[in-house]
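Beneath this line is the structure, given in structure tokens, with notes to follow.
The values are calculated or read from the model by the stated rules, or taken from the named source; none is laboratory data. Keep in mind it's a predicted model, so treat the numbers as computed, not measured. For neighbour counting, all protein chains shown are included, and Cβ atoms are generated from backbone atoms with ideal geometry for every residue, glycine included. All accessible areas refer to the heavy atoms of the entire protein, side chains included, with ligands and DNA or RNA removed. Shrake-Rupley method; radii C 1.70, N 1.55, O 1.52, S 1.80 Å.
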Amino acid sequence: MAVDRYLRNVGAAAGRGAYAAAGESKRVVDTARLAVSRFIGAADPSHIVFTANGSDALNLAIHGLLRPGDHAICTAAEHNSVLRPLRACQDILGVEVTYVPCDASGLVCAEDIRRALRSTTRLVAMLHASNVTGAVQPVVEVGNICRESNSFYLIDAAQSLGQIPISVESLQADLLSAPGHKGLLGPLGTGLLYIRPGVETHLRSIRQGGTGSSSESELQPDSLPDKYEAGNLNVAGIAGLAAGIEWLEAQGVRAISERERMLKERLTAGLAAIDGVVLYGPSDAAASVGVVSITIEGYDPQEAAAALDSAFGVQVRAGLHCAPRIHGAMGTIDRGGTVRFSIGPFNTADDVDAAIRAVQEIA
């Protein structure tokens, strides 16, 4: 409804005119920025930057921070949205990258990150929860380590924001990124980056252009969020993102998290009882978000996913899930990855039971 309302009744660019529709468009963006900052416990809404998606936010953080001669740390559980920008920084800038291992459940040891630190470590990039196994990482412990070492700390909250409560202050995050279309329930083509006050003096803008401010200068403004928001924003998508956050706040993220935990326990128990099915990830549902990965004996993951969709209407994702290194740790990379089930706030126990029955028939 929020997207429809904007497209039908407003349709103007934000901050690009003095007429009423432009003012309303700016109000939509300002309201959304305030909603995001409140949702993650950020003090200043201007330090919320809207991006094209989660990958765009991670690219801004990584390319904006790293310089020639720097050292960066990430984990084997990371998504390609972190791995590929870091690889580009290796190839283009000569940045050195250390990949801290994860175990077969996708969990990383915080002390391994401490041991990987160097005097030149500028950035530690870490996902909050695995998109393959759902494992929730020790992000608070790593935040403490980064504060002690004066390294910048980037958290990829793609699988956690909206699924579990998050406070950027408690996590000691210098930067926190997320797409809008996952746990935040917004439209595709939206994303965000939180920038801790003070970090913007170290974070370059990687994209320059019109902002509707400081138009007399050829230089990108230094003020936030304009420093990082070049060109027109996806205001329709941002309106939908704000509506998603409003719904999450009304329901309560803790309540959503607990309900999804119960559904995950039901799903994993049902799948574990099926011969030929192997589950991957933490055995404790409380130590993970609502993601379940499996393999089915005798089936390529893509074949299994196609059968689940065509015969049973169960939609899953199959393959390496854009996270190849974790599949190396799990021993599934040569098998084509896994079949991944994702539990959301609108799933029911009946949905879970239908998925279990479908896998039972295939297996």
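Looking only at the stretch 220-248, residues that are open to solvent by 70 Å² or more (accessible area, probe 1.4 Å) and assigned to a helix (DSSP H, G or I) come to 2 in all. All told, S217 falls short of being in contact (Cβ under 8 Å) with a residue 24 or more places away in the chain, open to solvent by 30 Å² or more (accessible area, probe 1.4 Å), among the polar types (S, T, N, Q) and in a loop (DSSP other than H, G, I, E, B).
A single entry from E111, E96 fulfils the requirement of being of a type in the set (D, E, K, R) and in contact with a Gly (Cβ under 9 Å, 6 or more places away or on another chain): E96.
Just one of the listed residues (S160, S167) is surrounded by fewer than 16 Cβ atoms within 10 Å (Cβ to Cβ), among the hydroxyl-bearing types (S, T, Y), closer than 22 Å to A286 by Cα and within 18 Å of the chain's Cα centre (by Cα), and it is S167.
Take H63 and tell me if it is closer than 27 Å to I166 by Cα, touching a residue at least 60 places away in the same chain (Cβ under 8 Å) and touching a strand residue (DSSP E or B) at 6+ places or on another chain (Cβ under 7 Å). No, not satisfied.
Among the residues of the stretch 304-318, those identified as outside any loop (DSSP other than H, G, I, E, B), more than 11 Å from T338 (Cα to Cα) and free of Cβ contacts under 8 Å to residues at least 24 places away in the same chain are A306, D309, S310. What about P179, is it touching a strand residue (DSSP E or B) at 6+ places or on another chain (Cβ under 7 Å) and either under 30 Å from S283 (Cβ atoms) or open to solvent by less than 80 Å² (accessible area, probe 1.4 Å) (or both)? For P179, the condition - touching a strand residue (DSSP E or B) at 6+ places or on another chain (Cβ under 7 Å) and either under 30 Å from S283 (Cβ atoms) or open to solvent by less than 80 Å² (accessible area, probe 1.4 Å) (or both) - is met. Identify all residues within the stretch 311-343 that are in contact with a Gly (Cβ under 6 Å, 6 or more places away or on another chain) and open to solvent by less than 50 Å² (accessible area, probe 1.4 Å); write none if there are none. Within the stretch 311-343, G319, I326, H327, G337, I343 meet the criteria. Counting the residues of the stretch 269-303 that are assigned to a helix (DSSP H, G or I) and surrounded by fewer than 23 Cβ atoms within 10 Å (Cβ to Cβ) gives 9.
For A35, indicate whether it is in a loop (DSSP other than H, G, I, E, B), in contact (Cβ under 8 Å) with a residue 60 or more places away in the chain and more than 15 Å from the chain's Cα centre (by Cα). Criteria not met by A35.
Among the numbered conditions (1) buried (at least 20 other Cβ atoms within 10 Å of the Cβ); (2) in contact with a Gly (Cβ under 7 Å, 6 or more places away or on another chain), the only one that A42 does not meet is (2). Kindly check whether there is at least one residue in the stretch 250-265 that is surrounded by fewer than 16 Cβ atoms within 10 Å (Cβ to Cβ), more than 30 Å from G17 (Cα to Cα) and in contact (Cβ under 8 Å) with a residue 60 or more places away in the chain. Yes, the stretch 250-265 contains a residue that is surrounded by fewer than 16 Cβ atoms within 10 Å (Cβ to Cβ), more than 30 Å from G17 (Cα to Cα) and in contact (Cβ under 8 Å) with a residue 60 or more places away in the chain.
Might you let me know whether the stretch 64-79 holds any residue that is assigned to a helix (DSSP H, G or I) and in contact with a helix residue (DSSP H, G or I) (Cβ under 8 Å, 6 or more places away or on another chain)? Scanning the stretch 64-79 turns up no residue that is assigned to a helix (DSSP H, G or I) and in contact with a helix residue (DSSP H, G or I) (Cβ under 8 Å, 6 or more places away or on another chain).
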